[in-house]
Amino acid sequence: MKFRRIAVIMGGGSSEREISMLSGRAVASALREAGAEVSEVVADESNAFTLPSGVEAAFPMIHGAFGEDGGLQARLDALGVPYPGNRAEESRVAFDKILSRARFAEAGVPCAEGFVLAPGEAPPALPPMPPPVVVKPPRQGSSVGVTIVREASQWIPAVAEARRFDPDVLVERFIPGREWTVPIIGPADAPTALPIVEVRPKVEWYDWEAKYSDGAGTDYVFPEDTADAAELALCERARFVALLAFRATGGRDMGRIDLRVDPDGGVFALENNTVPGCTSHSILPKAAARAGIPFPELCARIMEGAE
Ligand SMILES: Nc1ncnc2c1ncn2[C@@H]1O[C@H](COP(=O)(O)OP(=O)(O)O)[C@@H](O)[C@H]1O
Ligand SMILES: [Mg+2]
């Protein structure tokens, strides 16, 4: 490995702190198995942390605010400590769904028609496009603050819910159909898509419960495991869109692009998760395993991108 003494940084003050702790510990033991000397560094609720002396590089494993919005990356830049993953400014872009959508538009990445309600702007009496629409805070993760508005009466409460987390509110056309996510690894100039994972929540949609109730609330399927030509063509398109979306949002070393796939074969990018979950039941390790990459090797490969 390029670096031997590695700090895995986890915890922090975001709503995803507990998941980050699980991801961080899993990555730490994987890197140890790969031969590194690892310290587990837990950032406190105000995102403060201290690196032990002698650390050569860091592996950011804080999900959500600070870990994915560029705050942590800027700290590491200031400390002169190499790390894999998006750089600070490109983390900020990928974390912000409004900025990401602007990049998607420039790069020709298909995404749902959207509408932004500025801070303090009173919402119109009716949703800006016919329901169903998705109302979300643009800088959050794990479906926190997200509402699927199926009838007009849910609109105003949905805006209020999203505003609990962010003064800006993003409204998107609801894309019916399937939920796919594409983990991506590798350098910025030659990223590789790992097997696509279809997420099938057993509940109505992929909310916090479905994501984290130990996998029990969700089935994960590999749509590429099929002989159906139409399905394989759809997978090809999804990989293409995912790689475009990854590049458009400054992706490097690791990421997971969330997609929606509609019944007509339309593929739409939702976001790039730049610090994907790495717990024992997370999607990135599952997809890597499907591609024949054991978790320690996956973590070591990601670390190769540290600079
Ligand atoms: N435009 C959309 N159409 C259909 N479903 C959506 C749309 N936007 C979000 N969702 C649903 O909400 C979930 C969370 O949205 P996402 O944009 O990925 O934000 P985050 O995962 O950061 O909370 C998605 O996994 C998807 O199930
Ligand atoms: Mg998502």
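Coordinate-derived values only; no laboratory data. As the structure is a prediction and not an experimental result, all values here were calculated from the model. Here the Cβ positions follow ideal geometry from the backbone for every residue, glycine too, while neighbour counts run over all protein chains shown.
Points worth noting:
- Spin-label model, HIS281 to ALA233: label points 7 Å out along the Cα-to-beta-carbon direction sit 3.7 nm apart.
- The base-10 log of I(q)/I(0) for segment 114-173, evaluated at q = 0.27 Å⁻¹, reads -1.16 [Debye formula, identical scatterers on Cα atoms, solvent excluded].
- Mean Cβ neighbour count within 10 Å, used as a protection proxy, ranking 239-250, 284-295, 105-116 highest first: 239-250, 284-295, 105-116
- Relative contact order computed over segment 114-173 (Cα-Cα under 8 Å; 6+ residues apart), in percent: 48
- For segment 1-153, the relative contact order is 19 percent, taking Cα pairs closer than 8 Å that sit 6 or more residues apart in sequence and dividing their mean separation by the residue count.
- Paramagnetic reach from VAL221 in segment 232-274 [backbone N under 18 Å; point 7 Å along Cα→Cβ]: 232-239, 259-268
- A simple spin-label model places pseudo-atoms 7 Å from Cα toward Cβ; at ALA289 and ALA125 they are separated by 5.4 nm.
- Beta bridges assigned by DSSP with both partners in the chain are antiparallel in approximately 75 percent of cases.
- Where Cα atoms sit under 20 Å apart: lysine pairs in the chain separated by 8 or more or lying on different chains: 6
- Inter-part distance where segment 255-278 and segment 21-94 are each reduced to a Cα centre, Å: 24
- With eigenvalues of the C-alpha gyration tensor scaled by 5 and rooted, segment 5-88, Å: 18, 15, 11
- Antiparallel content of DSSP bridges confined to segment 5-88, in %, to 5: 0
- Relative contact order %, the chain, counting alpha carbon pairs below 8 Å whose residues are six or more apart: 21
- Within the chain, helix-based [θ] at 222 nm, where runs of 4 or more DSSP H residues each add -39,500 (n - 2.57), nearest 500: -9500 deg cm²/dmol
- Principal axis box of the chain, alpha-carbon based, largest edge first, Å: 58, 50, 38
- Label-reachable residues, segment 265-286, where backbone N falls under 17 Å from a point 7 Å from GLU297's Cα toward its Cβ: 284-286
- Rounded to 0.05, the FRET efficiency of the PHE115 and THR192 pair, given R0 = 30 Å and the Cβ-Cβ distance, is 0.30.
- Cα pair count fraction exceeding 19 Å, expressed as % - segment 233-299: 39
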